[in-house]
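So the structure is just underneath, and the comments pick up after that.
The values are calculated or read from the model by the stated rules, or taken from the named source; none is laboratory data. None of the values given here were measured: they were computed from a predicted structure. Cβ coordinates were reconstructed from backbone atoms using ideal geometry, including for glycine residues, and neighbour counts include every protein chain displayed. For the accessible areas, the whole protein counts, side chains as well, though only heavy atoms, and no ligand, DNA or RNA atoms are used. Shrake-Rupley method; radii C 1.70, N 1.55, O 1.52, S 1.80 Å.
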Amino acid sequence: MDTYFAVTAPGIESITALELSRLGLLPAESLPAVKPALSSPKESLGTHHASDSLHFKGGLEALYRANLHLRAASRILVRLGMPFMARSFPELVEKASRLPWERFLTPGQPVALRVTCHKSKLYHSEAVAQRLLTALEARLGKPSVRLRSATADETDDEESGNLPQLILARLVDDKCTVSVDSSGALLHRRGYRLATAKAPLRETLAAALLLASGWDAQSPLLDPFCGSGTIPIEAALLALNIPPGLNRRFAFMDWPNFDENLWREIRSNVQHSTSNVPPILASDRDAGAVRSAQENARRAGVNHLIQFEVQAVSAVHPPARKGWVVTNPPYGVRVSEGKDLRNLYAQFGNVLRAKFPGWRVAILSSDEFLLGHTGLKLESSLTFNNGGLRVKLGRGSV
């Protein structure tokens, strides 16, 4: 049995913890105590940094299912052995050479090393990376090609799709933890979003907004600032119960212990929902953005489930049943730079009150002041990063 860790954007750890619990990979009683969101009373989300709750244990089945099903996580790591003390480079090499590298790497396989050091005698990340490479080579008996070493940011060059195996090491208070990335390209890369509008929202964050909003995947959903369509596309995939990793490749497929039959069985057991998909409405005043959204939805196989419109927010109309508005309006930082967006948010609030009484809302914005201009009473405790910007999710009812 291995120990795994779901890497998640800061601020939405509790959402990923909830996903792990729903998959049966994390006991419900281990979920963090956080402020309730608009989901069920028993499933709470909030601002608590629940990184400790993102560790889970299991065999290959747990690893495969997590990569296949998690919508908000960025990658899944496997702990390589137990953490160990390393106060000198010889000690680091000696102990790291005992780790079971052969479970995840073949001799000569390209690797990328990412090292962070904090409050440790070994503080030079490049030197630590070199010693880990030495330990790896000693264990495998043949030199491995070291493509690069990097710090702990998430800006991978993943455009080629041919990634080396990522190895991560953290030295904190002289204790070294080594992990192997099982995902490869970050999990937000679903494969459908080739056409993007301005300031696109990552697929994992769009899924996090939907989960944090409490949307039941049965009621209508509206995104009146749809941009490249990420929120409505993720909503359609969620309503159909299509796993986000169904049509992509993962790093674990190249491991010596990859169980192709087990992977095929797990994928074949996915139960798609083919009926009762609620109305999903998406609109934007930018015709080019809507065209991009339609192309992305077509690649995702859900274009027939989303009603796209080119229209201003003032022209939107609700379907007969009440539902949710989940959206990512302009912030005035990258989109509409220099423009005063107070009127847009005030108009948005007026439209919601006039046409959508009783609807639930979840609005993402970098400015709590702008959220206030909607005139809606919104709870905004959920805060995270979107493209380097600190943003808040305002949640409430019209």
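Annotations
- Candidates in the range 143-174 are the residues that are among the acidic types (Asp, Glu) and at pLDDT 80 or above; of these, the one that is surrounded by the fewest Cβ atoms within 10 Å (Cβ to Cβ) is Asp173.
- Within the range 75-100, being open to solvent by less than 30 Å² (accessible area, probe 1.4 Å) and not small (Gly, Ala, Ser) holds for Arg75, Ile76, Leu77, Val78, Leu80, Phe84, Leu92, Leu99.
- When Val111, Val115 are screened for being open to solvent by less than 20 Å² (accessible area, probe 1.4 Å), under 15 Å from Leu168 (Cβ atoms), under 29 Å from the mean Cα position of the chain (by Cα) and at pLDDT 95 or above, only Val115 passes.
- Summed over the range 380-397, residues that are within 18 Å of Gly349 (Cβ to Cβ) and among the aliphatic types (A, V, I, L, M) total 1.
- Failed item, numbered, when Thr374 is tested on (1) in contact with a Phe, Trp or Tyr (Cβ under 7 Å, 6 or more places away or on another chain); (2) in a helix (DSSP H, G or I): (2)
- Tally, over the range 5-23, of residues that are in contact with a helix residue (DSSP H, G or I) (Cβ under 6 Å, 6 or more places away or on another chain), open to solvent by 10 Å² or more (accessible area, probe 1.4 Å) and among the small types (Gly, Ala, Ser): 1
- Matching residues in the range 343-371 - criterion: being in a helix (DSSP H, G or I) and open to solvent by less than 20 Å² (accessible area, probe 1.4 Å): Tyr345, Phe348, Gly349, Val351, Leu352, Leu370, Leu371
- The listed residues are Leu77, Leu70, and the only one of them that is in contact with a strand residue (DSSP E or B) (Cβ under 9 Å, 6 or more places away or on another chain), closer than 16 Å to Ser179 by Cα, at pLDDT 95 or above and not β-branched (Val, Ile, Thr) turns out to be Leu77.
- The residues of the range 56-83 that are out of contact with any helix residue (DSSP H, G or I) (no Cβ under 8 Å at 6 or more places or on another chain) and either hydrophobic (A, V, I, L, M, F, W, C) or assigned to a strand (DSSP E or B) (or both), listed by number, are Lys57, Gly58, Ala62, Arg75, Leu77, Arg79, Met82.
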